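What follows is a set of notes on a single structure, which appears directly below.
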Amino acid sequence: MQKAPDYNNPQLILETSNLEPGHVVWRSPSNLAIVKYWGKHGIQLPRNPSLSLTLETAFTMTRLDYKAKESAETGIDLKLFFQEKRNEAFEARVIKYFESLTDIFPFLKQMSMEVNTVNSFPHSSGIASSASSMSALALCLCSIEHELFKTLEDDAAFDRKASYIARLGSGSACRSIYPGMSLWGHTGDIEGSSDYYAIPYEEHVHENFKGMRDDILIVHSGEKSVSSSAGHGLMESNPFAEPRYQQAARNMMYLIAAVRKGDWEAFGKIAEQEALTLHALMMSSAQGYLLMKPNSIKIMEMVRAYRKESGNPVYFSLDAGPNVHLLYPESIIHEVRSFVEEQLAPLCEEQHYIDDYMGEGPVQQ
Ligand code: PMV
């Protein structure tokens, strides 16, 4: 049984009279899971380990301004602007999230805060923004703690706490903290792996995967009909849940080996199987639901046909939505780009795709 880290710290309380108004800004990327996290228990704890690719061009930029609260009232005092407009639904979610963190960051009760957050990808492009937005917020909170109390000097300790805090906002967000690849969830094969936070995996990534491309083909933008949290919930009564968790554990073992060896074929095979399994789990849950669109399926079939004909290692993945991620080595970008432009972009909404790649991780601005 792993031990949960205890981040509760009643010492992190301000002498408010000394607090100068200040702000922190973080840019944090989205990530794409290759082995998927789908199914959770307790407080955002995963049913199986997952491994992801940290993206670069799909990111959230978040600025958090703080000053001493004027009243003695102890609730969370926060206003939130998304893409420069007050967004009350997102604000309510963040207030609830911050309320859940007041034993870890008691100083949040003493501040008035304003959050300004923007996404690099167009609003409702169908890209999951919770990983980038929740990781950006978690990084802001850890930075404020460090600025005010000098408690997180050690970079590894900073990142681990940021990953733990991000997980409480959205499970997949805990993996956005690290460059290259991240691993979240306890697996006997990897020392230091944990259900409570992600760990960096970049140093084990073989040269063959460096600069890996991920073209995100926007088949359909807009709200999903079933949210990820509802999807995780439905796993509890899914008759295939147990075999799925066993499959994920096995796929993690194979994926780890493929990533270390630089084996694109093994990597791609797992990526595609995981993507299709994720959607099969949605279809086989109570009442069943479909997030893929006809063009998602067309694209996946065309990718397989192209791979067969050209011999190029080009593979697909999916998130919990209809958009298709195209994964391939940087060395064949020119060839693959003409295939994308000529054959796949016409199947996308307004020919739109996001040109992304394995990235450097979050950056403080
Ligand atoms: O972080 P959540 O609760 O939105 O779950 C995301 C789950 C998937 O994106 C479908 C898979 C994953 O591991 O990121």
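Some observations on this one:
- ILE127 meets all of the listed conditions (1) under 21 Å from THR54 (Cα atoms); (2) in contact with a Lys or Arg (Cβ under 7 Å, 6 or more places away or on another chain); (3) not in a helix (DSSP H, G or I) but one, namely (2).
- Condition check for ARG27: touching a residue at least 12 places away in the same chain (Cβ under 8 Å), closer than 30 Å to GLY268 by Cβ, away from the ligand (no atom under 16 Å from the Cβ) and assigned to a strand (DSSP E or B): yes
- From the list GLU114, GLU73, the one residue that fits, being surrounded by fewer than 19 Cβ atoms within 10 Å (Cβ to Cβ), part of a loop (DSSP other than H, G, I, E, B) and not aliphatic (A, V, I, L, M), is GLU73.
- Candidates SER135, SER71, SER112, filtered to the one that is under 22 Å from the mean Cα position of the chain (by Cα) and hydroxyl-bearing (Ser, Thr, Tyr): SER135
- Answer residue from the stretch 322-362, given it is in contact (Cβ under 8 Å) with a residue 60 or more places away in the chain and among the aromatic types (Phe, Trp, Tyr) and is surrounded by the fewest Cβ atoms within 10 Å (Cβ to Cβ) among those: TYR357
- Check on PRO313, in contact (Cβ under 8 Å) with a residue 40 or more places away in the chain, farther than 30 Å from HIS41 by Cβ and not in a helix (DSSP H, G or I): yes
- Among residues of the stretch 87-101 that are in contact (Cβ under 8 Å) with a residue 12 or more places away in the chain, those with a beta-carbon under 6 Å from a residue that is surrounded by 13 or more Cβ atoms within 10 Å (Cβ to Cβ) and part of a helix (DSSP H, G or I) at least six positions away or on a different chain give the pairs TYR97/GLY169; PHE98/LEU108.
- Qualifying residue in the stretch 30-42 (condition: surrounded by fewer than 17 Cβ atoms within 10 Å (Cβ to Cβ), under 24 Å from TYR197 (Cα atoms) and not small (Gly, Ala, Ser)): yes
- Scanning the stretch 163-198 for residues that are over 17 Å from HIS41 (Cβ atoms), within 11 Å of the ligand (Cβ to nearest atom) and of a type in the set (A, V, I, L, M, F, W, C) turns up ALA166, ALA173, ALA198.
- Test: residue in the stretch 53-60 that is within 16 Å of the ligand (Cβ to nearest atom), assigned to a loop (DSSP other than H, G, I, E, B), crowded, with 20+ Cβ neighbours inside 10 Å and polar (S, T, N, Q): no
We did not get these values from a lab; they are worked out from the coordinates using the rules stated. No experiment lies behind these values; they were computed from the predicted model shown. Every residue, glycine among them, receives a Cβ derived from its backbone with ideal geometry; neighbour counts consider all protein chains shown.
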